[in-house]
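Worksheet for the structure shown next.
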2 protein chains.
Amino acid sequence: MEFIEQLLAASKKNDSLLCVGLDTDVSKLPKHLRKADNPVLDFNREIIEATADLVCAYKPNIAFYEALGAGGWSALKQTIEAIPSHIPVIVDAKRGDIGNTARMYAQAFYQELGADAVTVSPYMGFDAVEPFLEYPDKCVFVLCLTSNAGAEDFQYLFSEGSPVYEHVAERVVQWSKGGCCGLVVGATRPEQLKKIRQIAPQLPFLIPGIGAQGGDLEAAVRWGTDEQGQLAIINSSRGIIYASDGTNFAQKARAAAEGLRERINLYRK
Amino acid sequence: MEFIEQLLAASKKNDSLLCVGLDTDVSKLPKHLRKADNPVLDFNREIIEATADLVCAYKPNIAFYEALGAGGWSALKQTIEAIPSHIPVIVDAKRGDIGNTARMYAQAFYQELGADAVTVSPYMGFDAVEPFLEYPDKCVFVLCLTSNAGAEDFQYLFSEGSPVYEHVAERVVQWSKGGCCGLVVGATRPEQLKKIRQIAPQLPFLIPGIGAQGGDLEAAVRWGTDEQGQLAIINSSRGIIYASDGTNFAQKARAAAEGLRERINLYRK
């Protein structure tokens, strides 16, 4: 199934634009799990089981797994296997390399890990993205305007009448004629999000930054969605998966996810 | 030992600015190795043994290892362990993420893998780089002007009188006051390399693109080095490690590395 179909079906089934970020940091796990053989996987499985009827996607960030070496990579692969197949998995990798190498990354994420989508950096341009477009059922989300303070260092440089991030959005709209592309746009910059949605009315948007980073949820929903109130994937990581560090962590994560889904849906209508 | 000291010492000992890129692609390995338990590691060990007295650094690109999953990650770690400790290892990862996540990447590359330096993307700005600066003996190489065609998509956008890649070079010079920073500048763009060296006279430059990508070796040496003829790390991957696909591959890799080192040194004097 194509990524967009899969995303819309999961979103409809669960009445949700919420994406749960599986940024599982070993040092933040509930104490009772830490002595298990594979605490990261155990934790993720419980989170997935508790939230799988509330989300439109999951987004593991690879950094948290790579920090654990080969064992972390295995835990990531098993985590992706534990996610019900009708829910898309966006691997947050923010990669970008010359074509020859980007091809190996596409193989790593799509074939080896079994992800449905991946995030990439635009800095190296089209040939760093092209190999990902060769997988017709997958989707590549290009960093456009990020949620962090450092976004202002280069993304805001003004060139030929518009900032770099708008140039990125315009190019990605063109690239999307050759395969599924989306944009990553932080919820911390609502006015800019509105403008980027005008530039790319039909692309899926992955929107981080509403939780610990303090982004504006109402604006993320209002300006991030398309005309049908769809195609915004609103991510929360820490606010959900670390809602409690007790034995009830999965139950609390479910409550946090449910609450956030409801708030999103309130703004959506 | 600090990275720059380590680099200069290895460069002096081996009379070399050559960096060998360990971009080991399983599908390109000599046939006699493919049936081994760990063909990538066996291949890398032989390449390292054959070239360790000819280089100033090694640069494995993580993509080739991630394409093999957890086993690839182990092979990468064992490869780094097989490199003599006096030769710096630059892990080519081109990462970039918000501070919280960049910290996990720094942990992955510096603590888990034991690399001496890492490449990062500038797109997300300073807070994506800062966590790497917290390791005083390491060095972070920021993508400035890349060797591929797609470099022209965004790196050349002109803003406030100069292209984006010059803004990056200027910022990285500032960042380097807080820790060791270098720049990645492709050998395929000699005029621009010259200009970037003027902006950043004292930073180490990692220069890819002279082999399969057709960059200008003479210009890479002339404009890439600093005033002392140092601090240019000139990378070749495919031209060396795949010099032969026969049983004599390591011997041929040595010959290719020796020839390239000599050509570099010719232009250096």
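Criterion applied to A:122, A:190 was being more than 24 Å from residue A:108 (Cα to Cα) and free of Cβ contacts under 8 Å to residues at least 60 places away in the same chain, and the one residue passing it is A:190. Per the listing A:149, A:106, A:128, the residue uniquely among the small types (Gly, Ala, Ser) and under 20 Å from residue B:69 (Cα atoms) is A:106.
Within the stretch A:60-71, the set of residues being surrounded by 24 or more Cβ atoms within 10 Å (Cβ to Cβ) and within 11 Å of another protein chain (Cβ to nearest Cβ) comprises A:61, A:62, A:63, A:64, A:65, A:66. Of all the residues in the stretch B:90-103, those that are among the hydrophobic types (A, V, I, L, M, F, W, C), outside any loop (DSSP other than H, G, I, E, B) and under 10 Å from residue B:128 (Cβ atoms) number 1.
Within the stretch B:20-49, the set of residues being out of contact with any strand residue (DSSP E or B) (no Cβ under 9 Å at 6 or more places or on another chain), closer than 16 Å to residue B:81 by Cα and of a type in the set (A, V, I, L, M) comprises B:40, B:41. Of all residues in the stretch A:130-156, those that are crowded, with 23+ Cβ neighbours inside 10 Å and more than 8 Å from every other protein chain (Cβ to nearest Cβ) total 7.
If we scan the stretch A:157-168, do we find a residue that is within 12 Å of another protein chain (Cβ to nearest Cβ), assigned to a loop (DSSP other than H, G, I, E, B) and of a type in the set (Phe, Trp, Tyr)?
No, the conditions are met nowhere in the stretch A:157-168.
A single entry from A:171, A:222 fulfils the requirement of being in contact (Cβ under 8 Å) with a residue 40 or more places away in the chain and within 14 Å of chain B (Cβ to nearest Cβ): A:171.
Restricting the stretch A:81-104 to residues that are within 11 Å of chain B (Cβ to nearest Cβ) and over 17 Å from the mean Cα position of the chain (by Cα) leaves a set whose member that is surrounded by the fewest Cβ atoms within 10 Å (Cβ to Cβ) is A:99. Filtering the stretch A:114-143 to residues that are assigned to a loop (DSSP other than H, G, I, E, B) and closer than 22 Å to residue B:184 by Cα leaves A:121, A:122, A:123, A:124, A:125, A:129.
None of the figures in this text is laboratory data; all of them are computed from the coordinates on show. Values in this document were obtained by computation on a predicted structure and should not be read as measured data. Heads up, the Cβs are rebuilt from the backbone with ideal geometry, glycines too, and the neighbour counts pull from every protein chain shown.
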